[in-house]
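Visitor: Handing you a structure now.
Every read-out reported here was derived from the displayed coordinates using simple, explicitly stated rules and does not represent laboratory data. From a predicted model like this one, the values you see are computed outputs, not experimental measurements. Heads up, the Cβs are rebuilt from the backbone with ideal geometry, glycines too, and the neighbour counts pull from every protein chain shown.
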Amino acid sequence: MLYLNHTAVQHEALIRAASEAGLRYLRMDFAVGIVFAQERPDFSAVERVNALALRYRTQVVGTITDTPWRIAECPAGQLAAPRTCAPSPQHERTWRHMVSEIVRRAPAIRHWELGNEPDNAFGFAGTRADYARWATLAAQGIRAVQPTATIIVGGFSRLDRGYIAAVLHDGVNPLIEQIDVANVHLRGRAGRMGAAVRRSRAFYRQMGFRGPLWVTEMGYPSLPRHQHDPRLTGGAHDQARWIVCSARAMIHGGAGAVFIAFRDSPEFGLDSGFASEGVVRWPQLTPDGRPYRKRAFRALRALASKRLEPDRPTRRRH
C-alpha cells in the first residue's frame with residue numbers, strides 16, 4: 001500500500017508503475033492523523049495524489065485510517081496507539097468533518113475503504129461496536145461530499161465470521177447499510193484461493209449483503225525462505241506463478257476485484273514475508289524514478305490485460 005507520508009517522488013513512481021502494469025485500481029492509505037497532525041491541516045499530499053491519479057488515469061482506492069490523537073478515545077484499561085481507536089463521543093462530528101475535508105480535496109478518487117484490518121489490534125483497537133461506529137462516521141463523511149462514491153468495508157485480515165457479522169448488523173451502527181462492497185484479505189496456498197473466495201461470498205450472502213466481494217489484499221513473497229506454499233518455493237519465478245494462479249482462481253471464484261501486494265513492505269522487518277511480497281522492489285528506485293520490477297510485475301501486467309471475469313453458473317437442462 002502507498003502512504004501519504006511517502007515522498008512526492010515515491011507517490012509518482014508507484015502510481016505510474018500501476019498505470020504501466022495496466023492495473024484498474026491502486027490501494028492507498030489516507031491517514032487522517034497525518035493530514036490533521038497540526039492545528040492547521042496539510043492537504044498537500046492528498047492533492048498531489050489526486051493530481052497523479054488523473055495524470056496516470058489510475059483509480060486510486062482511498063483507505064481511511066488513523067484517528068488523530070487529540071480526538072481519539074481508547075478502551076479503558078487497554079494499551080493502544082490512539083490512532084487505532086475510535087473518536088470520543090464528543091468528537092464524532094469532528095471525525096466526520098475531517099474525513100469529508102480529505103474527500104473534498106480528492107475528487108478523482110471515487111472508491112473509499114473503511115479502514116485496514118480492523119479485526120486485529122494492529123488495524124483497530126476497540127470493540128466491534130467501536131469499529132462499526134468509527135466506520136459509520138467515516139462513511140457519512142464520505143457521502144456528505146461524494147454521495148455516489150463506492151464505499152468498501154474495511155479489509156478484514158481473514159474471514160472472521162463472528163466479527164464481520166457483528167459489525168454488519170451492529171445494533172446502533174449497522175455497516176451493512178453503509179457499504180457497497182464486501183471485503184476480505186486472503187493468503188495461503190494457490191490451490192485454495194478460489195475456494196476461499198467462494199466461502200467468503202457465501203458468508204456475506206448469508207449476512208444479507210448482495211453487493212460484490214473484493215479482495216483488497218493478497219500476495220506471496222519472492223524470497224524462498226518466506227514462501228509457504230510447498231509447491232512454490234523457487235523464489236521470484238514461483239512468486240509470479242502464485243500470483244497468476246491465485247488471481248485467476250479468485251476472479252473465477254467470484255471476486256469482483258483482486259488487489260495484489262504491489263510493493264515490498266520492508267517496514268514490517270526484513271524477516272517478515274511482507275518484506276518481499278511486492279511485484280516491485282521498495283523503496284529503491286531507478287535513476288529515472290521508477291521502482292525496480294520483479295518477474296511478477298511482467299506476469300501481473302499480462303494478467304491484467306486479459307480482464308478476467310467471474311465464472312457464471314450454468315443452467316441445467318431438465
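Visitor: What order do you get for 207-214, 96-103 when each peptide is scored by the mean count of other beta carbon atoms within 10 Å, highest first?
Guide: So the peptides 207-214, 96-103, ranked by packing, come out 96-103, 207-214.
Visitor: Just to confirm a number: summing +1 for Lys and Arg and -1 for Asp and Glu over residues other than residue 107 whose beta-carbon lies under 13 angstrom from that of residue 107, what do you get? Intermediate results must be reported in sequence, preceding the final value.
Guide: Values: positive: 104, 105, 110; negative: 47, 101.
Result for the local shell: +1.
Visitor: What does the charge count near residue 138 come to, summing +1 for each Lys or Arg and -1 for each Asp or Glu among other residues with Cβ under 12 Å from its Cβ?
Guide: Taking every Cβ under 12 Å from that of residue 138, the sum is 0.
Visitor: So if R0 is 45 Å, what FRET efficiency would residue 90 and residue 199 give, r being the distance between their Cβ atoms, rounded to the nearest 0.05?
Guide: Details: r = 41 Å, r/R0 = 0.91.
According to the calculation, E is roughly 0.65.
Visitor: How would you rank 157-164, 219-226, 111-118, highest first, on the average number of other Cβ atoms within 10 Å across their residues?
Guide: In decreasing order of mean packing, 157-164, 219-226, 111-118 become 111-118, 219-226, 157-164.
Visitor: Also, I was wondering about something else. What share of the DSSP beta bridges in the range 2-304 is antiparallel, in percent to the nearest 5?
Guide: So the antiparallel bridges in the range 2-304 amount to around 10 percent.
Visitor: Determine, from the Cβ-Cβ distance of residue 169 and residue 290 and an R0 of 45 Å, the FRET efficiency 1/(1 + (r/R0)^6), rounded to the nearest 0.05.
Guide: Computed FRET efficiency for residue 169 and residue 290 comes out at 0.45.
Visitor: Projecting each Cα onto the charge dipole of the chain (Lys/Arg +1, Asp/Glu -1 at the beta carbon, about the Cα centre), which of 103, 51, 233 comes out farthest on the positive side?
Guide: Ranked along the dipole, the leading option is 233.
Visitor: What FRET efficiency would be calculated for the residue pair residue 7, residue 306, taking the C-beta separation as r and a Förster radius of 45 Å, to the nearest 0.05?
Guide: E(calc), rounded to 0.05, equals 0.85.
Visitor: Turning to a different aspect of this structure: Can you put 264, 29 in order, fewest other beta carbons within 10 Å first?
Guide: On the way: 264 26, 29 18.
Least to most surrounded, the residues fall as 29, 264.
Visitor: Still on this structure, I have one more. For the chain, take the alpha-carbon Rg, divide it by the Kirkwood Rh, and send me Rg/Rh.
Guide: Working: Rg = 19.2 Å, Rh = 20.1 Å.
On the Cα set of the chain, Rg over Rh gives 0.96.
Visitor: With the crude spin-label approximation of a point 7 Å out along Cα→Cβ, what separation in nm comes out for residue 268 versus residue 70?
Guide: Between residue 268 and residue 70, the simple spin-label model gives 3.4 nm.
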